[in-house]
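Read the structure below first, then the notes.
Read the figures in this text as sums done on the coordinates, not as results from a lab. Quantities reported herein were computed from a predicted structural model and do not represent experimental measurements. Here the Cβ positions follow ideal geometry from the backbone for every residue, glycine too, while neighbour counts run over all protein chains shown.
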Amino acid sequence: MRVPLMLSALLALTAMSASGDEQLRIAVSPAQSFAPSNLNIRARVVPNPENRAIEVVAESGDFYRSSQITLEGDQAPATITFEFRSVPGGEYMVYGILTDSVGHRRAIAQQQVRVIDRFGH
């Protein structure tokens, strides 16, 4: 299945800053809900001149949605919010990817969420 493989890859690629602090954190709300659900994702980014984009993805075995915005380095806001509307039932890995000006990954953060469909799955 794609989700466990993606989770393993994301954990292996998670980046930390030189001070040991996380460069990127995400919080998804609600962590469990009924379908269709609106997922609110809050990304916290440590300001850095190399930060140029953040992409947030919600992925299950049957569904994929993403959103990307550009960042102005250390002038970008420290908190960025995303909303994915009408997400159908499923087990989701929601992850954020912070990249630099040439597209290299600077940090990855993830959270698992569950959207219960009307049949209880």
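Quick notes on this structure:
- Distances between placed amide hydrogens fall under 5 Å for residue 87 paired with 37, 38, 39, all partners being 5 or more residues away or on another chain.
- Per-pair calculated FRET efficiency, R0 = 35 Å: residue 72 and residue 33 via Cβ, rounded to 0.05: 0.60
- Shape category assigned to region 63-121 from the gyration tensor of Cα positions, a/c cut at 1.5: prolate
- Sequence-distant residues sharing a close amide H with residue 117 (under 5 Å, placed H): 35, 90
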